[in-house]
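Asks: Before anything else, here's the structure in question.
The values are calculated or read from the model by the stated rules, or taken from the named source; none is laboratory data. In this text the structure is predicted, and so the values were computed from the model without any measurement. Neighbour counts are summed over all protein chains in view; Cβ atoms, including those assigned to glycine, are modelled from backbone coordinates with ideal geometry.
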Amino acid sequence: MSIRKRYDCGKHVNVAKETVVCGWGIQPWKEAHARQIMDPPRFIHGRGPGARLGRGKGLMLTRVVLFVGLVMLLPVAALAVSFTINPVRVDLGSNRPYAVMKIGNTADVPLTLQARAYRWIGEEEKGGLAPTDDIMLNPPVFTIAPGATRYLRLGLRTANRGTTELTYRLALQEVPKPAQDATEGASLHTIMRLTIPIFAPPKTAVAAKLAWSIEETAGGKFKLMAANKGNAHIQIQNLEVSPAGIPASGKSLHATTYILPGQSHEWELEAPELAGQAQMRVAVTSDAGKSEDIVQTTHSVAQTE
């Protein structure tokens, strides 16, 4: 039995339990897209606490540290994984359709990782990732010795000739070591997986454009929805909702959320102090800067028994 932890940069942690069988090999750069090294794993998604690894445009050095030690009836193999990644966001524009990612192993054991690219077409928890060969990866599988550094090269196979930004995610998944002694019985292994956003804008200018709506239900509860009608993503880092004209009495939401072009996101907000307001002020802090909108509040009638 294995436990897979997936760290999604800028979002939350997903955990899945399943047996993992794997094999790997190294492919030349020109053949990196021809076949997958491992069959795509199946995930049973679950939500967990926030695990934001960083924000910005990939100029940060981020360390991922994973240590698991569980007390169970089965024999347990505790595993510590510690490494650095730079950058934690990749932009592949028409003028520079390639990038290099630096990955360092700060643990005292070798680390083998497999890289895969996916089209990012919606929320990951709802199956919003689709395998793609749009992005070349070299090498697709690699081992990093303790204290060493490796470089992963990424490149767009074809430039974005459309008018809307293309969005991808790079998945880096640890390749587990084969069991050393099957006679020892079942053991628990921990497998790390994280995904990193990749953005490929076209030659023309792109921008996100949010359309907001607020619905008040019963008992001072609200549904806040943002629809991205633009042609680029937006990463919302902070939200503040307040009565129009009274910003000091607002309700803040600290949650990193990506909204892709043509997608929407909904938040549930409990704020009795905002009940009955005809208009709300929505202040946003995002990777595109700061903005404010005045939104008309709609009211629904709660059904009671």
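Asks: Wholly within the range 209-305, which strands (runs of 3 or more DSSP E) include no fewer than the required count, namely at least 1 residues that are of a type in the set (D, E, K, R) and not assigned by TED's automatic domain parsing to the domain that holds ILE196?
Replies: Here the list reads 210-216, 221-228, 234-243, 251-253, 264-270, 279-286, 289-299.
Asks: Mind checking which residues of the range 123-147 are surrounded by fewer than 19 Cβ atoms within 10 Å (Cβ to Cβ) and closer than 17 Å to TYR258 by Cβ?
Replies: Passing the criteria: GLU123, GLU125, LYS126, GLY127, GLY128, ALA130.
Asks: Another one. For the subset of the range 286-305 comprising residues that are surrounded by fewer than 16 Cβ atoms within 10 Å (Cβ to Cβ) and at pLDDT 90 or above, which member is farthest from ALA205 (Cα to Cα)?
Replies: Restricting attention to the range 286-305, the residues satisfying the condition of being surrounded by fewer than 16 Cβ atoms within 10 Å (Cβ to Cβ) are 289-294, 296, 298-305.
Filter again for at pLDDT 90 or above, leaving 289-294, 296, 298.
Numbers: GLY289: 16, LYS290: 19, SER291: 19, GLU292: 22, ASP293: 23, ILE294: 26, GLN296: 30, THR298: 34 Å.
That would be THR298.
Asks: A follow-up question, please. Go through (1) surrounded by 14 or more Cβ atoms within 10 Å (Cβ to Cβ); (2) on the phi > 0 side of the Ramachandran plot for PRO201 and report which single condition fails.
Replies: (2)
Asks: Of all residues in the range 91-122, how many are in contact (Cβ under 8 Å) with a residue 40 or more places away in the chain and either assigned to a loop (DSSP other than H, G, I, E, B) or surrounded by 21 or more Cβ atoms within 10 Å (Cβ to Cβ) (or both)? Steps first, please.
Replies: Narrowing the range 91-122 to residues in contact (Cβ under 8 Å) with a residue 40 or more places away in the chain: 91-94, 97-106, 111-122.
So of that shortlist, the ones also either assigned to a loop (DSSP other than H, G, I, E, B) or surrounded by 21 or more Cβ atoms within 10 Å (Cβ to Cβ) (or both) come out as 92-94, 97, 105-106, 111, 113, 115-118, 120-122.
Counting residues in the range 91-122 that are in contact (Cβ under 8 Å) with a residue 40 or more places away in the chain and either assigned to a loop (DSSP other than H, G, I, E, B) or surrounded by 21 or more Cβ atoms within 10 Å (Cβ to Cβ) (or both) gives 15.
Asks: Kindly indicate which of VAL76, VAL81, VAL64 is over 21 Å from the mean Cα position of the chain (by Cα), modelled with pLDDT under 95, farther than 27 Å from LYS229 by Cβ and surrounded by 15 or more Cβ atoms within 10 Å (Cβ to Cβ).
Replies: On the way: VAL81 fails: over 21 Å from the mean Cα position of the chain (by Cα); VAL64 fails: over 21 Å from the mean Cα position of the chain (by Cα).
Among VAL76, VAL81, VAL64, only VAL76 is over 21 Å from the mean Cα position of the chain (by Cα), modelled with pLDDT under 95, farther than 27 Å from LYS229 by Cβ and surrounded by 15 or more Cβ atoms within 10 Å (Cβ to Cβ).
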